[in-house]
Amino acid sequence: MSGAGVLEVLRPGALTTVQDLGRVGRAHLGVPRSGALDSPAHRLANRLVGNSPGAATLETTLTGCAVRPDRAVVAAVTGAPCPVRIDGRPAPWGAAVRVPGGAVLEVGAARAGVRSYLAVAGGVDVEPVLGSRSTDLLSGLGPAPLSEGARLPVGPAPGPVPWADAVASAAPGPPSDELVLPLVPGPREDWFAPTALRALARGVYRVSAESNRVGLRTEGPALERSVRGELPSEGMVAGAVQVPPGGEPIVFLADHPTTGGYPVVGVVPREALAAAAQAVPGLKVRFVPLRR
Amino acid sequence: MRVTRVLPMGRRALLLEVGGTERAQALHAELVRLRETGELPPVEEIVPAAATVLLDGLEDPGSLTEWLRDREFPDTAPAGAAAVVLPVRYDGPDLAGVAALWGVDEEEAVAIHTRTEFRVAFCGFAPGFGYLTGLPEELGVPRRTVPRTSVPPGSVGLAGAYTGVYPRTSPGGWQLIGRTDAVLWDVSREPAALLAPGARVRFEAVP
């Protein structure tokens, strides 16, 4: 099962991209970090097939994807729970499976959550751009989203797959009835009315269908600003909750712009962003302000 | 100079306020130097902007706060390498409008732009898109009320007192005064950005 191979894309799904841990160290040039939105799920998929955490996986969106390896590969699907089929026969989700050469590996539609991760032993071996294989949808760096008929190179398998009966998962799984987002007060909290953080905590917000890899958009009560006017552009981080003039908060995800001019009312800690990546449109969002 | 305010940005980042673009450029240059000499703890990103510098990916931002607050930083950035010279055909669709806003004719508008020494204050909007300072504030121009849906690569634009050059085709609301053939962004080049923060830039009129 060693040696490089190819995955042929039979069904790209709504949006399937190649993702790894992203591009680090170039934000000052305007290069977003990018990388898998549900990083724990990406890491788990890699671990199940014996890859290092930085190997590239496929990140699907709601509707899964289907690929055909040209030779036998070990694969694993994690993240949003979904049916997994090999040549039409059910295969386990969240476990390493052997896919014969020429067989169709189907990642089905998500039963919960948004994004599933498909890892193959050896990793998706597209040419790295600026140190990463990630597709960055904001700036167009990295490989294009999957299209029907595309052929993705697979690297040589890293060695024997660590067969395990069960792997303790660090991934919390998709949020079911509400998305709880802890919020550290942000650098521009003073640009909002003194009651804004409380209003944010009490308000009922829902995940907007406009959400994408750049940000989780929410719909709910607008936050009242106390300082009008424009904030000079400043550096942004993943998890930053930006409030545009409309007042509805946006939580920045991996493909966020590196600088921005809307005030940041708070920052969602990194550990909570995987859940944000799995929040389906319409889901209730609750912001829980923390102490700085 | 001192850092005026050290603002936590989540649990892994600090936003440093210095109250001006030149000071932010100077602080950025010094922080990059301190990282190279090992005096700054490991940090993933050092991101300059209009009046701040962001340190992101810090293990323990809290322990750094006092050190940053107490330290004396240089007031100005070092001169650095020779200026990047960008040849520009000043035939942009908004040149006449910009000249009118400046109260000069087109020829004088070009002269003003070509005799200005620019510096890349920071990047954003797109990889390799630099915000160049150098024009005096009173020559600031508004963005177009309706942004263009497609601006060709190499377009030289103005917004506020900033000058920028579009690295690739994208929508854009800046006032376009000309176009350069220089390649602003090339991922196969190191560094990929022709105009990185701190770089000095001059524009040269070509027919």
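Points to keep in mind about this one:
- Count of the stretch B:22-39 residues, restricted to those that are more than 17 Å from residue B:124 (Cβ to Cβ) and within 9 Å of chain A (Cβ to nearest Cβ), is 1.
- Checked against the criterion of being of a type in the set (Lys, Arg) and open to solvent by less than 50 Å² (accessible area, probe 1.4 Å), the stretch B:112-130 has at least one qualifying residue.
- Within the stretch A:73-85, residues that are open to solvent by less than 10 Å² (accessible area, probe 1.4 Å) sit with their Cβ atoms under 8 Å from residues that are assigned to a strand (DSSP E or B) and of a type in the set (Asp, Glu), at 6+ positions apart or across chains, in these pairs: A:84/A:106.
- Residue match in the stretch A:218-229 (condition: within 14 Å of chain B (Cβ to nearest Cβ), surrounded by fewer than 17 Cβ atoms within 10 Å (Cβ to Cβ), modelled with pLDDT under 90 and out of contact with any Gly (no Cβ under 9 Å at 6 or more places or on another chain)): yes
- Among residues of the stretch A:230-245 being more than 25 Å from residue B:28 (Cβ to Cβ) and either open to solvent by 10 Å² or more (accessible area, probe 1.4 Å) or at the interface with chain B (Cβ under 8 Å from one of its Cβ atoms) (or both), the one that is modelled with the lowest pLDDT is A:245.
- Qualifying residue in the stretch A:195-205 (condition: more than 14 Å from chain B (Cβ to nearest Cβ) and assigned to a strand (DSSP E or B)): yes
- Here the stretch B:138-147 is the region considered, the condition is being modelled with pLDDT of 95 or more and in contact with a strand residue (DSSP E or B) (Cβ under 9 Å, 6 or more places away or on another chain), and the residue that is surrounded by the fewest Cβ atoms within 10 Å (Cβ to Cβ) is B:140.
- Residue match in the stretch B:155-175 (condition: among the charged types (D, E, K, R) and more than 11 Å from every other protein chain (Cβ to nearest Cβ)): no
- The residue pairs whose first member lies in the stretch A:5-25 and is within 14 Å of another protein chain (Cβ to nearest Cβ), whose second member is part of a loop (DSSP other than H, G, I, E, B) and β-branched (Val, Ile, Thr), and whose beta carbons are closer than 6 Å, counting only pairs six or more residues apart or on different chains, are A:23/A:31.
- Within the stretch A:61-159, strands (runs of 3 or more DSSP E) holding 2 or more residues that are in the same structural domain as residue A:14 (by TED's automatic domain parsing) and more than 16 Å from the chain's Cα centre (by Cα): A:65-69, A:73-79, A:84-86, A:89-91, A:97-99, A:105-107, A:151-154
- Selected residue (criterion: surrounded by the most Cβ atoms within 10 Å (Cβ to Cβ)) from residues of the stretch B:168-205 that are among the polar types (S, T, N, Q) and more than 19 Å from residue B:124 (Cβ to Cβ): B:180
- Residue list for the stretch B:81-101, restricted to those being open to solvent by less than 60 Å² (accessible area, probe 1.4 Å), in contact (Cβ under 8 Å) with a residue 12 or more places away in the chain and of a type outside the set (Val, Ile, Thr): B:83, B:86, B:87, B:90, B:92, B:94, B:95, B:97
Yes/no matrix, rows are residues, columns are (1) of a type in the set (Val, Ile, Thr); (2) more than 7 Å from chain A (Cβ to nearest Cβ); (3) open to solvent by 40 Å² or more (accessible area, probe 1.4 Å):
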| site | (1), (2), (3) |
| --- | --- |
| B:6 | yes, yes, no |
| B:11 | no, no, yes |
| B:20 | no, yes, no |
| B:41 | no, yes, yes |
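To keep it simple, each residue is scored yes or no on (1) open to solvent by 30 Å² or more (accessible area, probe 1.4 Å); (2) over 20 Å from residue B:168 (Cβ atoms).
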| residue | (1), (2) |
| --- | --- |
| A:112 | yes, yes |
| A:120 | no, yes |
| A:133 | yes, yes |
| A:140 | yes, no |
| A:149 | yes, yes |
| A:152 | no, yes |
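- All conditions but one from (1) surrounded by fewer than 23 Cβ atoms within 10 Å (Cβ to Cβ); (2) touching a residue at least 40 places away in the same chain (Cβ under 8 Å) apply to residue A:262; the one that does not is (2).
- Residues within the stretch A:179-216 that are open to solvent by 30 Å² or more (accessible area, probe 1.4 Å), charged (D, E, K, R) and farther than 11 Å from residue A:285 by Cβ, tallied: 5
- Scoring residue A:220 on the criteria (1) closer than 26 Å to residue A:29 by Cβ; (2) of a type outside the set (Ser, Thr, Tyr); (3) touching a residue at least 60 places away in the same chain (Cβ under 8 Å) leaves a single failure, condition (1).
Here is a yes/no grid of residues against (1) touching an Asp or Glu at 6+ places or on another chain (Cβ under 9 Å); (2) surrounded by fewer than 22 Cβ atoms within 10 Å (Cβ to Cβ):
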position: A:10; (1), (2): yes, yes
position: A:16; (1), (2): yes, no
position: A:24; (1), (2): yes, yes
position: A:45; (1), (2): no, no
position: A:61; (1), (2): no, yes
position: A:93; (1), (2): no, yes
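The values are calculated or read from the model by the stated rules, or taken from the named source; none is laboratory data. None of these values were measured; they are calculated from a predicted model. Cβ: placed from backbone, ideal geometry, glycine included. Neighbour counts: every protein chain shown. Ligands, DNA and RNA are excluded from the accessible area calculation, which covers all protein heavy atoms including side chains. Shrake-Rupley method; radii C 1.70, N 1.55, O 1.52, S 1.80 Å.
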